[in-house]
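**Q** Have a look at this one.
The values are calculated or read from the model by the stated rules, or taken from the named source; none is laboratory data. Just so it is clear, the structure is predicted and the values come from calculations on it, not from any experiment. Cβ placement follows ideal geometry from the backbone for every residue including glycine, while neighbour counts extend to all protein chains displayed.
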Amino acid sequence: MKSIFTTMLLLSFGMMVNAQEKAVDYKELQKSIPSTIMGYQLVDEIEGSSFEMSGMSYSTASARYEKADSQLDIAIMDYQGAAALYTSASMAWSSGMKYEDDDQKAYGVTYDNAQGWLVYEKNDKVSELVVGFNERYIITVVVTDASENFAEEVYKQLNLNNLP
């Protein structure tokens with residue numbers, strides 16, 4: 001869950017800018033996280049929380065799955081002020097930015113006008129995807145013991161059109 005913590009930290013910094021209405025309740029986000037996906041079984045209950053303070057708000061829902069030796073983490077986040085983060089992040093993600101060395105490979109991706117960033121840790125076989133969806137939500141998918149594009153395959157299976 002280290003990657004999800006990093007994403008939440010980035011979102012916290014973005015909260016300094018007010019840009020949109022109150023974040024959707026975490027229970028609504030939980031509805032978009034499946035109980036099983038691509039053969040992975042849910043380990044515990046789907047978690048979630050909402051936070052409000054001084055006109056700012058954010059909410060998150062997350063789940064951990066297992067399949068043999070592989071773990072899968074999915075998180076959906078919404079918070080007031082996301083538009084400011086989207087502007088800077090999606091510009092970088094869509095600019096064709098790429099990085100590669102002997103240990104990892106990282107590059108921007110696009111799905112139906114949603115911008116994202118895919119990182120593959122070659123030695124550990126960890127595929128991590130962060131996507132800005134619908135100019136409001138941040139979707140994070142992290143899979144261990146996986147191929148480079150497996151996080152993308154999981155993302156494409158999520159039913160995100162139900163999000164408010």
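**Q** Within region 32-75, track down each residue that is in a strand (DSSP E or B), of a type in the set (D, E, K, R) and more than 15 Å from the chain's Cα centre (by Cα).
**A** Within region 32-75, E52, E66, K67 qualify.
**Q** If I ask for residues that are at pLDDT below 95, surrounded by 14 or more Cβ atoms within 10 Å (Cβ to Cβ) and among the hydrophobic types (A, V, I, L, M, F, W, C), which ones from region 34-75 would you list?
**A** F51, M56
**Q** To continue, here is another question. Give me the residue from region 76-86 that is aliphatic (A, V, I, L, M) and at pLDDT 80 or above and, out of that set, surrounded by the fewest Cβ atoms within 10 Å (Cβ to Cβ).
**A** In this case the residue turns out to be M77.
**Q** While we're here: Looking only at region 135-164, which residues are at negative phi and free of Cβ contacts under 8 Å to residues at least 60 places away in the same chain?
**A** Scanning region 135-164 gives S147, E148, N149, F150, A151, E152, Y155, K156, N161.
**Q** Now a separate question. I need every pair where a residue in region 27-52 that is touching a residue at least 40 places away in the same chain (Cβ under 8 Å) and under 26 Å from D69 (Cα atoms) has its Cβ under 6 Å from the Cβ of a residue that is in a loop (DSSP other than H, G, I, E, B) and not β-branched (V, I, T), sequence separation at least 6 or different chains.
**A** Here the result reads S32/L163, each pair linking region 27-52 to a residue that is in a loop (DSSP other than H, G, I, E, B) and not β-branched (V, I, T).
**Q** Checking A89 against (1) assigned to a strand (DSSP E or B); (2) of a type in the set (A, V, I, L, M, F, W, C); (3) modelled with pLDDT under 95, which test does it fail?
**A** Of (1) assigned to a strand (DSSP E or B); (2) of a type in the set (A, V, I, L, M, F, W, C); (3) modelled with pLDDT under 95, only one is false for A89: (1).
**Q** Please note which strands (runs of 3 or more DSSP E) are completely contained in region 92-164 and include at least 1 residues that are surrounded by fewer than 16 Cβ atoms within 10 Å (Cβ to Cβ) and of a type in the set (A, V, I, L, M).
**A** 104-111
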